[in-house]
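First comes the structure, then the notes that go with it.
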Amino acid sequence: MPEIQPHAAQLPYFLAFDLGTSSLRGLIFDQAGRMVSGYGATQTFELHTTPDGGVESDAEIIFQGFCGVMSTILQQLGDETRHVAGIGVDTYVGNILGISADGQPATPVYTWADTRNAQAAERLKRTLDEQKFHTRTGTVFHTSYLPARFLWLQERYPELLRKSRYWLSIGEYIILRLFGKRLVSYSIASWSGLLNRQELIWDPELLQHLPVTADQLSPLVDIDRPVRGLLPEFARKWPALAQVPWLLPVGDGVTSNLGSGCRGPQDFTLNVGTSGAMRVIWPGEAPPIPLGLWSYRVDRQRHLIGGALSNGGNLYAWARQTLQLPPEEVLEQELAQMAPDSHGLTILPFLAGERSPGYASGARATISGINLHTRPVDMVRAGLEAIAYRFALIYHLLIETVTSSQPLATEAPGTSARPSTIDGAAVRIIASGGALLNSPTWMQIMADVLGRPVIASAEAEATCRGTALLVKDILAKWDGAATGGALDAPDAVVGRTFMPNPAHRVVYERGMERQKALYRELIKPPAPV
């Protein structure tokens, strides 16, 4: 959606915040879902890492950064602040911090990338029925989820468990500081690995095996129940927002889908930033999912189904820092001139471990097939193809899952072995994320490997836009009605469509089989592929 000048905006305004692991962005959108020029601010945060796999941040620094971004935007708006009708926040998920009885942080913010709980995750797999809990919570036992995090804290830092009266995500902490209320949306709660996604309660059986109780977790609320009434300190600081409704924070994967125009079960988002994910929003009752996928919540009537990679643009960034590569423009040309799978390499791209589909958090990257003729550009091309193979595994699981209960329509022989329609609508794959969109060669590789057209999103701020659209949608229905169904939102802007080359697909299938074989040989347990 193109950026517009304030004089052309359709009032009212919606203020959207996107809180990632290392940065926060706040933007203004109008009633038509368009970003309004001249308003916005960004704040970066420093992550603390440890040699044993810790990845932490500071809750108070993040909150003060949030307040700074808010104040900057309100200064930019001036008198126009009165047109702000609602505020929404999306956050990265799988994070947690403990707070004391007086509301002060008692621990750092532990992020999803912190792998110090790997042994606890493996112990859960051995002692509990992972399939049963996966069916109930939509998640497996893995370092990125909270069951293993709490067990690790019990073993490594029991004093922090004793000091922590409550446990909150960073988004919940922001709401607590601003409104004095502990509340969590089904969306954020579903990413924890502790929410019974069918009954929408904290799973009591799972909690019996953990050193926390349900009353230490925030009360569960759906996103169609905004909060309003800032605490006096912040009402004085931002008087124009004192009674403006705020949506409870939601997961950034939800709003990325919505902002990219992927609002129904036929729309698959393919997002590659530092890491990567493929997701689809599913209305009504969620279908059974295999262990290789997760199922989270948008709200009480919609699910977010998909898989995530811990590796994506970080592999390309590592290559740029480590190998003797030419400038990016030259490198892109060299990559584009290479034939598919012409390098003789097989790569397991697990620089940051593995999530979907095998969830081998202790997995490490492997490059097989290097000889004296191997060039740096060969390794980069092989890495891009390797990431595409991992996405293909997720795509195959996902398309089979969402089409399992309906007749399938497939394309002509030789083009795709996968369904091309869902409920009569053509399957679309919308690509987003700077790491992927900045490389037409990688986009073409994705289309060839998946055997489907891949459409480039042209929404520069899709995640923030999705948050603003969600605020708009909820406020329009803020009368106690259900929030399910498609959003009444303008279509997202898309760019070039990359069409698959059937001949390339055949070549890539051989490369993908090599990767599967190497995975089975080196990574234990084997992935469900």
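Since every read-out is calculated from the coordinates, none of them should be taken as a lab result. On a predicted model such as this, the values are computed, not experimentally measured, just so you know. Because the Cβ atoms are built from the backbone with ideal geometry, glycine has one as well, and the counts that use them run over all protein chains shown.
Run a plain Debye calculation on the chain (Cα atoms as equal point scatterers, no solvent) and give log10 I(q)/I(0) at q = 0.06, 0.10 Å⁻¹, rounded to two decimals, same order as the q list.
Ignoring solvent entirely, the Cα scatterers give -0.27, -0.79.
For a quick check: sort R162, R505 by the number of other beta carbons within 10 angstrom, fewest at the front.
Fewest-to-most ranking of R162, R505: R162, R505.
If you take every residue apart from L270 with its C-beta less than 12 Å away from the C-beta of L270, what net charge results, scoring Lys and Arg +1 and Asp and Glu -1?
So the surrounding residues net to +3.
Find the relative contact order for the chain and round it to a whole percent, using C-alpha pairs within less than 8 Å whose residues are 6+ positions apart.
This gives 15 percent for the chain.
Based only on other Cβ atoms within 10 Å, what is the fewest-to-most ordering of L522, L436, L220?
L522, L220, L436
Relative contact order of region 127-249: what whole-number percent is it, with Cα pairs under 8 angstrom and at least 6 residues apart?
Normalised by residue count, the contact order of region 127-249 is 27 percent.
May I ask for the net charge around P105, where only other residues with Cβ less than 11 Å from the Cβ of P105 are counted and Lys, Arg are +1 while Asp, Glu are -1?
Around P105, the charge tally is -1.
When the convex hull of the C-alpha atoms of region 1-136 is computed, what volume per residue in Å³ does it have?
Spread over its residues, the Cα hull of region 1-136 gives 172 Å³ apiece.
Region 254-292 to region 313-351: how many Å between their Cα centroids?
27 Å
So what are the radius of gyration and Dmax for the Cα set of region 6-252, in Å?
Final numbers for Rg and Dmax: 18.9, 61 Å.
Rounded to the nearest 500, what is the chain's calculated 222 nm mean residue ellipticity when only DSSP H runs of at least 4 contribute -39500 (n - 2.57) each, over all residues?
Helix contribution divided over all residues of the chain: -10500 deg cm²/dmol.
If contacts are Cα pairs under 8 angstrom and at least 6 residues apart, what is the relative contact order of region 6-252 in percent?
RCO, region 6-252: 19 percent.
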